[in-house]
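Here is the structure we will look at.
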Amino acid sequence: VSEELNRGREVFREEACELLAELENCLLELEESPDNKEMIERAFRAMHTLKGSGSMFGFDAIANLTHEAETVYDLVRKGRMKVTRELVDLSFRVIDRIQVMIGRKEKGTSADNAEIEEIILSFKTFLSSSLTQHQEERKKFIPSGDLEVMRKETSVTYRIFFQPDPDVFLKGFNLILMLNELAQLGRCTPVAHSDGIPDLEQIDPEACYTSWDVLLSTTKGINAVKDVFLFIENNCQLSIHSIDRSGILDSEEAHKHLSSILFERRELNEQDVEKILSAGRSADVLHKTKNRESEQQSTAPLQKIANSSTAQLPEVSSIRVAVQKLDKLVNLVGELVTVQARLSQAVAFRDDPEMHLIAEATERLTDELRESTMNIRLVPIGTIFNRFRRLVRDLSNELGKEVEFFTGGGETELDKNVIEKLHDPLVHIIRNSIDHGIETPEIRIKRGKKRSGMLHLSAEYSGANVLIKIKDDGAGIDPEIIRKDAVEKGLIKEDAALSERDILSVIFLPGFSTSEKVTKVSGRGVGLDIVKRSIDALLGVVDIQSKKGSETTITMRIPLTLAIIEGLLLKVGNNQYIVPLSAVEECIELTREDTAAAHGRHMINVRGKIVPYISLREIFQTAGNSPEIEQIVIAELNGRRIGLVVDHVIGEHQTVIKSLGRVYRDIDLVSGATILGNGKVAIILNIPKIIEYMESEEMTGAETN
Amino acid sequence: MMIKEGMMSKRILIVDDSASMRQMINFTLSAAGYDVSEAEDGMDALKKMNGEPVHMIIADINMPNMDGIELTRKIRTHADYKFIPIIILTTESQSSLKQEGKSAGATGWIVKPFSPEQLISVVKKVLG
């Protein structure tokens, strides 16, 4: 059971995280519109569930904490209290606390406890100050007679009169079970009175007309007897009297005698009891044998009416799966894709139509399987967007700024792993925007802007990528200041001819920090290079645009998934390379004449546009001579186009990305490798890095000229 | 002719929006030999019951879409299920809700937090 309990706790932790997120969203909504009934209801429910489940799984501190919060929100829900700023702040503290508590298993430090105490106290004072007349009902009913059992040596005999309400069956009661329960307590003799049953014509088969007199001799105490009727006590007439405490009536004869009296007269007076009691010793009890109906129930046969239509609702069901299981599935699918490629290749060289069919069917299935598997891992990015609302709120409070936060495209789906890795970079960028970008209300008004700044966070699909944009209408970035700074720090040369865009991208270099002063919020000595590195790790690209004085937009372009991509397979000498198909614009031929016409410059005219190109043979120093006609693959990224010169373009390839391992960590022109159908390895090219590499080559080339 | 109900395994439907709660109750009741199914809220419960044999319902009060009280009302008007016991889950701060549940037709209640023993004793009490 303890193992089961632990598993339950794990589920609870996950669930608690979701509930806390839900609560947080509700609170943020409530802060905007304190009378939003639906949000109040949802907040209450979240706390209620947290409390209930928390105490089930032994998180008593969580239960205590949420109990107070729940009490307050219950009153809010009933319209007896208002949502105030203080209440929302206090509730946020509850969320933070619980997050700490579930993260740190059961035991908290004494400092935790102190804070919990303090929060609870705050809630209580909150309650008493805003609602003096409120009195909490604290009745606790736990139907367990065992807790109060007083073991008595001698049994007590009770006379119980019990008349259920006619509609008692419609409350789900089973009277036989109750009589059985009584019988388990000791010697029990029920007497049923059927005289209330009407004539057949008037009978309602669903109603109860019977009442009972029960003689019960038990040692379990009155509470155990009352517990039997715990649920039904408001749906019946019930009287329980003890008629003897000496134990003498606890005999078959005594029960028989008394029950027959009850059956005849429905009354039991003191003389009757006294008579039996005195006679009890003489063991000569009058026998009267009369029919005794013991247990009776008027459950008439219920007609089963054919099922009428029940509300048809769209099926929305989901299951929770551990991420590791999904990762494993993705890996397996990756392997399968590789094997399938081998199969296709092996079959291609055979004259075996049947095998061809099988290979094609396998390919189709594998494609579908791959697609579906990737889909499983996709989650809407809105899940992390919501987390930032809290961040924005706290930050702007802390910095004395007013920020309106908008999100868009929250339904855009990305690989779960990717989304999680996006969290930190986004936090970094948002911090920067609020800290350095958006001005204080005073300055904004002086500059003729709206008092509160705007921060837009949005996501959208763009081919096989997702674009995530963070836009603020703050001070923008002055390229001149960046340039000066960068020159001072030796990041760029003083006379380097750089476009504004290039200068702005300097802020992503390690060692660069835009802030003039170090603040608590974003000046932590780490620049935006962290962001760039994280996005690079996701094979993404980050780009910045800014209008001095009015806005800054940071755009991140992230591939949909990390595990399998559509690639274009290229060949140079004996080496094979993969370029993500999403980056490829077109392939054109490069003849010797073209090269000669360019006079040694690596430029080609593509329908009127000059595109610089670079030979993979040169980059990777491949042995051998290039063929007469080479191929140029034109890749495009953020408006920059480059050409990659290769010997042959082989074709599309489902690429399962494998990392190259630590040894190749520093080679950034390559983002991974894949295994081809024939078992050979192909290198996956990192296009953004190659573009950077080319540009730096050009620059150094320009300088040496 | 009376069919002995005790002979077949009894089916209990747990209705709670908390997965951990459902899991806990499910485990306890399954271990005690009951046939258990789960639903996330009142709507879901009604959908899942649809014609299936269900002998008892354990339902939370606070749930999205359809709460436990509304569910109880609905079940009490349903020809197939109107006689089955319904136990509602409450917390001690909700005794007014408990009353509301009772008048909607709930058979009994369990106060959270409860132990597996308490749960079993309540189920035995109303279902046998």
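Where a number appears in this text, it was derived from the coordinates with a stated rule and is not lab data. These numbers were taken from a predicted model, which means no experiment stands behind them. A quick note on method: Cβ atoms are made from the backbone with ideal geometry, for glycine too, and the neighbour counts reach across all protein chains shown.
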Computed over chain A: longest principal axis from alpha-carbon atoms vs helix A:416-432 long axis, angle to nearest 10 degrees, is 70 degrees
So the FRET efficiency between A:GLU335 and A:PHE512, C-beta based with R0 = 51 Å and rounded to 0.05, is 0.75
In the P(r) worked out for segment A:327-434, what percent of Cα pairs fall beyond 22 Å?
54 percent
With unit charges on the beta carbons (Lys and Arg positive, Asp and Glu negative) and the dipole taken about the Cα centre of segment A:219-267, which residue among A:LEU230, A:HIS241, A:LEU258 sits farthest to the positive side?
A:LEU230
Between A:LYS446 and A:ASP394, what is the label-point separation in nm under the 7 Å Cα-to-beta-carbon projection?
3.0 nm
Part-to-part distance (alpha-carbon centres) for segment A:231-282 and segment A:410-451, which is given in Å:
80 Å
Pairing the Cα long axis of helix A:60-77 with the longest principal axis of chain A, what angle in degrees results, from 0 to 90 and rounded to the nearest 10?
80 degrees
Whole-Hz ³J(HN,Hα) for each residue in segment A:7-15, computed from phi via Karplus 6.51 cos²θ - 1.76 cosθ + 1.60 with θ = phi - 60°, x for glycine and proline: what do you get?
5, x, 5, 4, 4, 4, 4, 4, 4
Cross-link list A:LYS493/A:LYS547; A:LYS450/A:LYS489; A:LYS226/B:LYS98: which exceed 29 angstrom alpha carbon to alpha carbon?
A:LYS450/A:LYS489
What is the average number of partner chain Cβ atoms found within 10 Å of a Cβ in B:62-68?
3
Helix axis angle, A:687-704 relative to chain A longest principal axis, alpha carbon, degrees
30 degrees
Once phi is turned into θ = phi - 60°, what whole-Hz ³J(HN,Hα) does the Karplus curve with 6.51, -1.76 and 1.60 give for every residue of segment A:391-399, x standing for Gly and Pro?
4, 4, 4, 5, 4, 5, 4, 4, 8
In segment A:604-684, which GluC sites (Glu not before Pro) fall in coil by DSSP and have 14 or fewer other Cβ atoms within 10 Å?
A:GLU628
What is the local net charge at B:ALA106, summed over the other residues whose Cβ is closer than 11 Å to its Cβ (Lys, Arg +1; Asp, Glu -1)?
+4
Once the principal axes of the Cα atoms of the protein assembly as shown are found, what is the range along each, listed largest first in whole angstroms?
132, 79, 48
Sticking with the crude label model, points 7 Å out along Cα→Cβ, report the distance from B:LYS124 to A:GLU494 in nm, one decimal please.
9.2 nm
So for the pair A:LYS124, A:ALA346, with labels modelled 7 Å out along Cα→Cβ, what separation do we get in nm?
7.5 nm
For B:GLY105, other-chain or 5+-apart residues with amide H closer than 5 Å (H placed, Pro excluded) are none
Calculated from DSSP helices alone, with each H run of at least 4 adding -39500 (n - 2.57) and the total divided by the residues of chain A, [θ]222 nm to the nearest 500 comes to -14000 deg cm²/dmol
For the pair A:ARG13 and A:ASP327, what calculated FRET efficiency results from E = 1/(1 + (r/R0)^6), where r is the Cβ-Cβ distance and R0 = 25 Å, to the nearest 0.05?
0.80
When you count, for each residue, the other Cβ atoms within 10 Å and take the mean per peptide, how do B:47-56, A:265-274 rank with the highest first?
B:47-56, A:265-274
Pairs B:LYS10/B:LYS82; A:LYS51/A:LYS325; A:LYS484/A:LYS689: which exceed 19 Å Cα-Cα?
A:LYS51/A:LYS325; A:LYS484/A:LYS689
Considering only the protein assembly as shown, percent of DSSP beta bridges that pair antiparallel, nearest 5:
75 percent
